[in-house]
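Worksheet: the structure to be examined is printed underneath.
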Amino acid sequence: MLFLYNLIIILASQVVKLLALFSPKMKLFIDGRKEVFSILKSKVNTTYKTIWFHAASLGEYEQGLPVIEKIKAQYPNHKIVVTFFSPSGYEVRKNNTVADATVYLPLDTKSNAQKFIKAINPELVFFIKYEYWPNYLNELKKLQIKTYLISGIFREKQAFFKWYGGFYRNALKTFEYFFVQNESSKNLIRSIGFNNVKVSGDTRFDRVVAILERDNSLDFIEQFKDNKTTIVIGSSWPKDENLLVNYINNASDEIKFIIAPHNIKSEQIANLKLQITKSTILFSEKNNVDLSNFNVFIIDTIGILTKIYSYADIAYVGGGFGNPGVHNILEPATFGVAIIIGPNYSHFAEATALVHQEGCVSISTQNELNDAFNLLINNEDERNEKGHICSTFVQMNKGATDIILKHITE
């Protein structure tokens, strides 16, 4: 089975090289990996003590960030190495300040695993949420390097729990301990013989709680808001925007809208702006303009959405009309904001819980969207109650990072 797996990885690497000729994202995937060992050579070497964190993409990095920060404080003499698999994670966070070296993870071949682990010589390793690369895990096990899974999620459909999954189950033997998000994950991993598991919860709650302690003010958002009821639309996709634009165009001028699309390609931003009949301005056009004169503010940049949520009276979080579903609702929730999402949210425990608790409203049609917005705009008590449910939910679920650190350092 290992031979077949390695063959598939080699074939996949050739396919990706071909795709890179036509896809900018795949080109980043290939070109970024060419620089891995030169970056490592300049920033870490085998004389350093290192701790390695691996994140598949941006969401997993954000999820693991509270643990990375606490580990960095706990082990001040160690270098922190962060790896990403996806360009959508690496390209956004390659210049983060928490890690001493941030690189792409080389493809999971036996030679890459041996070369990479030798280059960083880690004392501790953390995989965030998922991604189980057998060659890396086998090498870590052979070298007896303590490896942990944090904020793990297991589902019945994964190969570990199938009759043919012995190869993947064997890779799990590398892990010193599994810190999982929920009881169902704990029961699943125990069902295949792993008892070194604890329900720690989801470290994302710790990350969003920490957001409250920083300065979230943005003068230009305050000027735009102008003390009016403001709806913040975060991480929207075209399927979300089809409904949202119709609502915006028919809304009262007393309501302000801030839109931070998931994709900020110039042609898509231009098309979105063209569809809106209200007075609209882009973030890139904001200088030397009185923003209070506009009804719609489109954020054609990245990195400030979290702070913008702090100004929201109502939040719409996009992605719920696509697959796998809605984007991160915890950021608006931590600010005590009532939330509206699309219909596809069942893969996300926090969204499922908040819909059940009625802090978050799921809509599927234009009429449902209109009704949800109108109720929250016109009924301040309803809006405040839903916001309170959201903020309480976040506060009640914090603490995963401390559970993990306590176990590791005892």
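The values are calculated or read from the model by the stated rules, or taken from the named source; none is laboratory data. Since this is a predicted model, take the numbers as computed values, not measurements. Counting neighbours? That spans all protein chains shown, and the Cβs are built from the backbone with ideal geometry, glycine included. For accessibility, only protein heavy atoms count, side chains too; no ligands or nucleic acids. Shrake-Rupley method; radii C 1.70, N 1.55, O 1.52, S 1.80 Å.
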May I ask for the angle, rounded to the nearest 10°, between helix 400-409 and the longest principal axis of the chain, with both axes built from Cα atoms and the value confined to 0 to 90°? 20 degrees
What residues have an amide H closer than 5 Å to that of residue 282, excluding those fewer than 5 places away on the same chain, when H is modeled at 1.01 Å from N in the peptide plane? 298
For the modelled label position 7 Å from the Cα of residue 123 along Cα-to-Cβ, which residues of segment 75-106 have backbone nitrogen atoms closer than 16 Å? 75-81, 100
Can you give the longest stretch of the chain with no exposed loop site, where a site means chymotrypsin sites (Phe, Trp or Tyr not before Pro) in a DSSP loop (not H, G, I, E or B) with at most 13 other C-beta atoms within 10 Å? 165-410
With a 1.4 Å probe and every protein chain kept in, tell me what percent of the accessible surface of segment 290-401 is carbon plus sulfur. 45 percent
Separation between Cα centres of segment 1-51 and segment 261-337, rounded to whole Å: 34 Å
Please give, to one decimal in nm, the separation of the simple spin-label points placed at residue 371 and residue 37, each 7 Å out from Cα toward the Cβ. 6.2 nm
Rg over Rh, two decimals, segment 228-267 (C-alpha only, Kirkwood Rh): 0.99
I'm spelling it out carefully: the read-out is Cα extents along the principal axes in Å, the candidates are (1) 71, 46, 36; (2) 142, 62, 45; (3) 65, 44, 43, and one was derived from this structure. Which label? (3)
Rounded, prolate or oblate: which fits segment 64-145 when a ≥ b ≥ c are the square roots of the eigenvalues of the alpha-carbon gyration tensor, with rounded for a/c under 1.5 and prolate only if a/b beats b/c? oblate
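Taking all pairs of distinct Cα atoms, average 1/r, flip it, and tell me the Kirkwood hydrodynamic radius of segment 266-309 in Å to one decimal place.
11.3 Å
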So the pair-distance distribution of segment 236-343, from every Cα-Cα distance in 5 Å bins, comes to percents of 2, 12, 23, 25, 24, 11, 3, 0, 0
Residue-wise HN-Hα coupling along segment 31-46, computed from phi with Karplus coefficients 6.51, -1.76, 1.60 (Hz; x: Gly, Pro): 5, x, 6, 6, 9, 3, 6, 5, 5, 4, 4, 7, 10, 9, 8, 5
Cut-off under 5 Å, modelled amide H: who pairs with residue 336 long-range: 391
In degrees from 0 to 90, rounded to the nearest 10, what is the angle of the helix 366-378 Cα long axis to the longest principal axis of the chain? 70 degrees
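Considering all alpha-carbon pairs of segment 1-62, what whole percent are spaced by more than 14 angstrom?
That fraction is 73 percent.
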Scoring the chain by relative contact order with C-alpha pairs under 8 Å, at least six apart, yields a percentage of 12 percent
Range of Cα positions in segment 259-410 per principal axis (Å), largest first: 56, 37, 30
Against the longest principal axis of the chain, how steep is helix 2-19, in degrees 0 to 90 to the nearest 10, with axes from Cα atoms? 40 degrees
Report the calculated FRET efficiency for residue 142 and residue 162 (r = Cβ-Cβ distance, R0 = 30 Å), to the nearest 0.05. 0.70
Quick one: which residues, 5+ away or cross-chain, put their amide H under 5 Å from the amide H of residue 152? H built at 1.01 Å from N. 129, 179, 180, 181
For segment 59-64, just list the computed ³J(HN,Hα) in residue order, Karplus coefficients 6.51, -1.76 and 1.60, θ = phi - 60°, integers in Hz, with x standing in for Gly and Pro. x, 5, 4, 4, 5, x
Calculated FRET value between residue 223 and residue 364, using beta carbons and R₀ = 30 Å, to 0.05: 0.25
Taking a ≥ b ≥ c as the square roots of the Cα gyration tensor eigenvalues, with a/c under 1.5 meaning rounded and otherwise prolate when a/b beats b/c, else oblate, which class fits segment 12-170? rounded
Not counting ligands, DNA or RNA, and with a 1.4 Å probe, what is residue 407's accessible surface area in Å² rounded to the nearest 10? 50 Å²
Shape verdict for segment 113-239, please, from the Cα gyration tensor: rounded (a/c under 1.5), prolate (a/b greater than b/c) or oblate. prolate
In Hz, Karplus ³J(HN,Hα) per residue of segment 103-116 (6.51, -1.76, 1.60; θ = phi - 60°; x = Gly, Pro): 9, 5, 7, x, 4, 7, 9, 4, 5, 4, 4, 5, 5, 5
Per residue, how much accessible surface does segment 51-103 expose to a 1.4 Å probe? Answer in Å², no decimals. 35 Å²
